[in-house]
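Take a look at the structure below.
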Amino acid sequence: MLNTVGLKSRNMISLPLNIPDECPYCDDKTTTRTLDWYEIKSPHTKAYDHHLMVQLVNSTVEDVSHKKDVGYDAVEGAIERCIHVTVNWDDFDELHVIGIDEIALTKGRSNFVAIVTTQQADGHVAVLAVLPDRKKETVRQFLETIPKRLRRTMETACTDMWEGYVNAVEEFAAAHAEVSIEVVVDRYHVAKNYRECVDKVRKRECRRLKKELPKTEYEEVKGVMWIVRKNNEDLTSDEREKLNRLFEYAPELKLAYTLREELTSIFEIQMTKEVAKKRLIEWRDKVRRSALTCFDKFLTTLNNWLDKIVNYFVNRLSSGFVEGSNNKVKTIERRCYGILRVTTLFQRLYLDLEGCRRFA
């Protein structure tokens, strides 16, 4: 009697799994032929597993279980059969650009995991790893798993100013002659640093003005948070007028805002790495000559990371694609009410990034 499997769907069907097959060259001997559209011990065909994967993109196991009238464990089993818990290097021909960043699995708990992604030549972003922590040793161990054929293609690693990532990449490159990779400190992490300096001045000045100005005059400059945060070129005429009114009462904020805009314009201009380094040093010296102290912490950061910051100007690469993946991870966590296993997070991130083109 043939083994059968029931696919729980609208129309119940039974499918033969292993077909006894008589060998034409052996007397009274049979063999078992396994069908290529079915995996041993699976309750579904491979095609149905793939159908479930497409349904899971931007969804949850619980939702797909209800919509498809399939058991929760059966959907999870399909994930295990279709998606590896680590990267399959055979899927890649090059790793010209990789990005490393972290995200907290639980907000406020500092239980960070490191997300390693790559941006392919066609712009497609793929996940390479979800690492259990952001320690240098953990990142270095992962980098050592990269096959030699792909190491030769590595050119740029985009990251924030976390020494663990930078040191891991540099030690990996130093240990392998075939690896020539440059670390680029992400422009947007740099911008976040210096823009926060101005935001602190804004908060301090607004508190001062609220105490010192008459209520009618304070109302004229009230609610300027988003105006100050916007780039000057993006302001409307009304916003610019309100901002100038604020600057009349807060000259220190005006100077901080002006210096911030000058630094942003440096990053917007196409220039060589050498020219960019010179311009950044000139900006740093200008800040030092001013009476401002709000940029002091950022100037230390700029001095420490200057060489890797100016690497941005070589090919103008940033970690924008990494931040996009991080936002997707946050969405996955909210959708699934938290994920605590890095292997599960890798599978779900892989599914959201690759599911439609892999399984549709």
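Of the numbered criteria (1) of a type in the set (Val, Ile, Thr); (2) at pLDDT 90 or above; (3) part of a helix (DSSP H, G or I), the one Thr293 fails is (3). Scanning the range 139-162 for residues that are more than 18 Å from the chain's Cα centre (by Cα) and assigned to a helix (DSSP H, G or I) yields Arg140, Gln141, Glu144, Lys148, Arg149, Leu150, Arg151. Can you confirm whether the range 75-96 contains a residue that is assigned by TED's automatic domain parsing to the domain that holds Glu323, of a type in the set (Asp, Glu) and under 15 Å from the mean Cα position of the chain (by Cα)? No, the range 75-96 contains no residue that is assigned by TED's automatic domain parsing to the domain that holds Glu323, of a type in the set (Asp, Glu) and under 15 Å from the mean Cα position of the chain (by Cα).
Looking at Ile103, Ile115, just one residue is within 17 Å of the chain's Cα centre (by Cα), part of a strand (DSSP E or B), modelled with pLDDT under 90 and not charged (D, E, K, R), and that residue is Ile103.
Could you go through the range 273-285 and let me know if any residue there is at pLDDT 95 or above, among the small types (Gly, Ala, Ser) and in contact with a helix residue (DSSP H, G or I) (Cβ under 6 Å, 6 or more places away or on another chain). Yes, that holds for at least one residue.
Conditions (1) farther than 27 Å from Phe267 by Cβ; (2) within 14 Å of the chain's Cα centre (by Cα), marked per residue:
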site: Val310; (1), (2): no, no
site: Phe313; (1), (2): no, no
site: Phe321; (1), (2): no, yes
site: Ile332; (1), (2): yes, yes
site: Cys336; (1), (2): yes, no
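Look at Phe346 and say whether it is part of a helix (DSSP H, G or I), closer than 25 Å to Asp234 by Cβ and not acidic (Asp, Glu). It is false that Phe346 is part of a helix (DSSP H, G or I), closer than 25 Å to Asp234 by Cβ and not acidic (Asp, Glu).
Within the range 295-310, at least one residue is of a type in the set (Val, Ile, Thr), surrounded by fewer than 19 Cβ atoms within 10 Å (Cβ to Cβ) and under 22 Å from Met161 (Cα atoms).
Taken over the range 215-271, residues that are on the phi > 0 side of the Ramachandran plot and among the aliphatic types (A, V, I, L, M) amount to 0.
Taken over the range 112-148, the residue count meeting the criterion of being over 18 Å from Glu182 (Cβ atoms) and loosely packed, with under 13 Cβ neighbours inside 10 Å is 8.
The values are calculated or read from the model by the stated rules, or taken from the named source; none is laboratory data. Only a predicted model underlies this, so the values are computations on that prediction, with no experimental measurement involved. A quick note on method: Cβ atoms are made from the backbone with ideal geometry, for glycine too, and the neighbour counts reach across all protein chains shown.
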